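Reviewing the structure listed below.
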Amino acid sequence: MSEHHVDNTGSKFGMWLFLYSELMLFGGLFVLYAAYYYQYTTFFISGGKQLDLFLGTMNTVILLLSSFTVACSIEAMRKNSKKLVLLLLGLTVFFGILFLCNKYIEWNHKFQHGIYPGSAYMEQSAKGLVIFFGLYFTMTGLHALHLLIGLIVIGVCFFLCWSDRINAKDFITLDNSGLYWHLIDVIWIFLFPLFYLIL
Amino acid sequence: MSEEPSFYQTPSSNRLKGIWAWLLTTDHKRIGIMYLLVIMLWFSIGIVLGILIRTNLMFVNPKLMEAQTYNALFTLHGVIMIFLFIIPAIPSIFGNFLLPIQIGADDVFFPKLNLLSWYLYIAGGILAIVSLFLKGIPDTGWTFYVPFSINTQTGVTLSVFAVFILGISSMITGLNFITTIHRMRKDDMGWMQLPLFTWSIYATSWVQLLATPIVGVTLLVVIFERLFGVGLFDPSKGGDPLLYQHLFWMYSHPAVYIMILPAMGIISEIFPVFARKSIFGYKAIVASSMAIAIVGSLVWAHHMFVSGMSDVAVLVFSLLTFLVAIPSAIKVFNWVSTLYKGSIYVAPPLLFALCFVFLFCVGGFTGLIQGAAGPNVHIHDTHFIVGHFHFVMFGGTGFAFLAGLHFWWPKFFGRMYNFKAAYTGTILLTVGFIMHYMPMFILGLKGMPRRYYTYLPELQPMNFFAGIGAYIMVGGLVVVLINLLASFRRKESVPADPWGGTTLEWYVPSPPPLKNFVHEPVVNSYPYDFPKKFHEMKSSGNSANKGV
């Protein structure tokens with residue numbers, strides 16, 4: 001009766017369910033965004049212009065690349081080439097860290113201008129801007145937290161591949177971790193235009 | 001009865017000894033029992049808090065507690081009863097123990113996640129306690145409405161985090177059950193051969209999975225507000241407190257269905273067994289479960305009719321609220337029709353189920369009064385609401401929980417309780433319940449608000465009366481629970497099928513062995529095939545009481 005332990009379809013099914021729940025988690029914040037965008041449209045536009053479009057675009061490219069490398073690593077695993085898998089996973093981790101570095105630079109920049117929740121500068125700003133940046137920090141912050149978790153997950157996968165506990169016969173863990181990484185990417189794909197590209 | 005040792009004697013892994021055989025187990029049955037233990041503990045605490053509140057309300061000028069203490073107590077009572085008792089009770093205890101057996105599986109799909117979700121539940125409970133002593137008991141009510149929950153000095157941050165953790169626990173349980181039902185059913189068990197309890201857990205799990213993250217993120221934002229002052233819900237910074245209410249109820253109204261759907265599943269199992277007759281309208285019950293789960297997710301704003309909303313929104317949400325009544329009513333008709341011309345065998349589970357139907361109907365109808373936009377304005381935030389939701393939550397889910405406990409107690413522990421004491425307890429409980437909550441409807445209509453530690457003097461007689469009802473009710477509850485515990489002192493063990501049920505859990509020994517099934521289970525083409533059961537019982541000797 002223990003055949004279900006190798007039921008990869010089931011494991012993947014469970015992972016997808018988890019991804020739905022993650023979408024709902026961010027969905028709550030997207031609802032907030034929609035409501036406040038309706039209320040403070042002009043402030044959202046002027047707030048969006050204050051964000052660093054270059055760094056944002058860089059991060060989008062970086063995340064897309066990292067998604068590509070994860071997808072490739074799974075394909076490489078299927079073809080049983082361990083070295084390539086390790087290289088691609090390493091690259092993914094590298095891209096992830098790069099993304100976080102950019103994020104750090106970006107946030108740091110904002111902090112130096114006094115733009116952070118509860119700052120004296122924000123107290124004097126228009127309410128629409130307070131909300132815009134509040135959402136910006138909350139949503140990108142929660143996204144960065146997910147990315148951090150994703151990095152740990154991919155890192156663990158790296159060591160499991162290295163020690164052959166993930167191998168060409170049984171790589172569902174890698175497969176599911178890849179799915180999680182793609183989710184992080186997809187969420188960013190929505191965050192990017194909503195914050196950086198609004199007019 | 002075969003000589004297979006029960007799961008109490010066999011740990012899920014041979015390396016586990018003593019207490020670790022419990023704390024590190026991946027056996028769904030042991031996890032279910034562990035949930036039972038802890039949830040009953042929380043339930044008892046919730047009862048004590050509740051009776052303290054009602055004792056305080058028996059007199060106009062209460063000496064028992066100050067206003068602040070009262071606020072803290074009703075918050076605690078609400079948080080404990082909702083997040084630590086009603087939401088997890090049926091899915092986590094009965095779902096864990098029975099769902100895999102009902103579908104012919106040896107465990108849930110993710111046994112380790114299952115254990116993790118128990119630990120998250122424990123962690124959430126401990127955090128909730130810690131929050132009390134660290135910064136004072138929260139005084140916001142279980143709804144944590146902003147802006148008060150952002151401004152109050154009490155330990156809201158930690159208790160909100162505790163609720164967040166409990167949410168994750170509940171979500172993981174839902175995820176696990178959906179995967180289990182999809183992937184681990186016996187090969188020849190189609191969707192229309194699933195027992196109705198499993199069906200109701202399936203519908204519940206989807207709500208748990210998809211609605212819980214919303215409250216999760218909402219509570220996270222409340223924590224951010226308290227820690228960093230982001231301002232998303234703070235009107236002084238441009239935030240809109242109404243949005244909090246929307247997001248909160250987007251989860252917390254579906255959560256009401258997380259509480260009631262599995263309860264309906266239990267009742268749907270009990271009626272056919274004790275009427276010795278196939279359930280009336282199997283497909284209608286399945287469809288109505290799913291309909292409740294779906295439509296129930298779209299009615300959240302009926303909690304906010306007086307918070308400020310457009311008239312169109314009020315009408316739409318009012319209409320949707322009325323729509324949910326239809327699938328609920330279908331179920332009630334089905335249960336009652338199952339009894340019609342059945343060969344009724346009276347036992348404590350059936351008595352509980354009958355009380356459930358009556359109390360749930362009262363709760364449901366009073367819900368419609370609130371769902372109507374007009375009357376809602378009059379009774380909003382009054383004791384009418386308190387009466388209503390206790391009728392559905394306690395009279396509904398609570399009674400179904402007790403019904404299930406009496407129904408499956410012999411399966412869980414292999415011991416049968418005393419019927420007479422169970423009847424006495426049930427009747428005391430029901431009479432006390434009605435005496436206690438019925439007056440609240442009248443009090444509410446007369447204008448007594450909820451969540452106040454005192455009231456106008458002319459309302460005292462009825463409050464005093466309700467208080468007496470509360471003591472009778474708790475007395476009944478104590479009788480029922482002690483009677484269940486007393487069953488452990490009995491020596492004689494219970495056969496596999498003490499009631500004559502048809503679903504798979506009645507084909508395994510009581511209590512079941514580690515791998516659940518002694519023989520490979522045979523799936524009936526229809527889960528409630530009583531004529532077939534009758535022939536089985538005849539051919540296997542005098543009765544089903546021989547076991548299989």
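Read the figures in this text as sums done on the coordinates, not as results from a lab. As the structure is a prediction and not an experimental result, all values here were calculated from the model. Note: ideal-geometry Cβ built from the backbone for every residue, glycine included; neighbour counts use all protein chains shown.
Rounded to the nearest Hz, the phi-derived 3J(HN,Hα) couplings of the range A:148-160 under the Karplus curve 6.51 cos²θ - 1.76 cosθ + 1.60 (θ = phi - 60°) are 4, 4, x, 4, 4, 4, 5, x, 4, 4, 4, 5, 5, where x marks glycine and proline.
Once the Cα atoms of helix A:82-112 and of chain A are each reduced to a long axis, what angle between those two axes, in degrees from 0 to 90 to the nearest 10, is obtained? Once rounded, the angle reads 10 degrees. Farthest toward the positive end of the dipole of the range B:20-546, out of B:ILE472, B:GLY104, B:GLY342, is the Cα of B:GLY342, where the dipole comes from beta carbon charges about the Cα centre. Based only on Cα atoms, what Rg/Rh ratio does chain B have, Rh being taken as Kirkwood's radius? Across chain B, the Cα-based Rg/Rh ratio is 0.96. For A:MET24, B:MET264, the sequence from fewest to most other C-beta atoms within 10 Å is A:MET24, B:MET264. What fraction of the Cα pairs in the range B:432-533, stated in percent, has a spacing above 16 angstrom? Tail of the P(r) past 16 Å holds 73 percent of the pairs.
Sum up the charges of everything whose Cβ sits under 15 Å from the Cβ of B:GLY387, counting Lys and Arg as +1 and Asp and Glu as -1, but leave B:GLY387 out.
Spelling it out: positives minus negatives among the neighbours equals +3.
About its Cα centre, what dipole magnitude does the range A:8-196 give when the only charges are +1 on Lys and Arg Cβ and -1 on Asp and Glu Cβ, stated in debye to the nearest 20? Intermediate values should be presented prior to the final figure.
On the way: 11 positive and 9 negative charges, 59 e Å.
I would put it at about 280 debye.
Fewest to most neighbouring Cβ within 10 Å: what's the order for B:ILE93, A:ILE152, B:ILE53? Present the calculation step by step, with values, prior to reporting the outcome.
Numbers: B:ILE93 26, A:ILE152 13, B:ILE53 19.
Sorted ascending by nearby Cβ count, the order is A:ILE152, B:ILE53, B:ILE93.
Ordered from longest to shortest, the equivalent ellipsoid semi-axes for the range B:237-300 are 36, 11, 4 Å, each the square root of 5 times a Cα gyration tensor eigenvalue.
Which log10 I(q)/I(0) values does the range A:94-147 give at q = 0.28 Å⁻¹ under the Debye formula, counting every alpha carbon as one identical point scatterer? Each listed q corresponds, in turn, to -1.11.
With the convex hull constructed from alpha-carbon coordinates only, the protein assembly as shown shows a mean projected area of 33.6 nm² over all directions.
The Kirkwood hydrodynamic radius of the range A:1-154, based on inverse pair distances between different Cα atoms, is 18.2 Å.
For chain B, which DSSP H helices look membrane-span-like by this rule: Cα extent along the axis of 24 Å or more and mean Kyte-Doolittle of at least 1.6? Walk me through the numbers before you get to the answer.
Details: long enough: B:28-57 (42 Å, 1.49); B:111-135 (36 Å, 1.28); B:156-184 (41 Å, 1.49); B:196-228 (47 Å, 1.46); B:241-275 (51 Å, 1.11); B:311-339 (43 Å, 1.72); B:348-371 (34 Å, 1.82); B:419-445 (39 Å, 1.33); B:460-486 (39 Å, 1.68).
Span-like helices here: B:311-339, B:348-371, B:460-486.
Taking amide H positions as modeled 1.01 Å from N, with prolines and chain starts lacking one, the residues under 5 Å from B:THR382 and 5 or more places away or on another chain are B:ARG450. Residue exposure proxy: B:SER307, A:SER119, ordered by other Cβ atoms within 10 angstrom of their Cβ from fewest to most, comes out as B:SER307, A:SER119.
Hey, got the dipole for the range B:216-370? About the Cα centre, +1 on K and R Cβ, -1 on D and E Cβ, debye to the nearest 20?
Working: 7 positive and 5 negative charges, 139 e Å.
For the range B:216-370, the charge dipole is close to 660 debye.
Evaluated with a Cβ-only charge set (Lys, Arg +1; Asp, Glu -1), chain B carries a dipole of roughly 980 debye about its Cα centre, given to the nearest 20.
Assuming a ≥ b ≥ c are the square roots of the Cα gyration tensor eigenvalues, decide whether the range B:161-201 counts as rounded (a/c under 1.5), prolate (otherwise, with a/b larger than b/c) or oblate. Taking the square roots of the gyration eigenvalues as a ≥ b ≥ c, the range B:161-201 is prolate.
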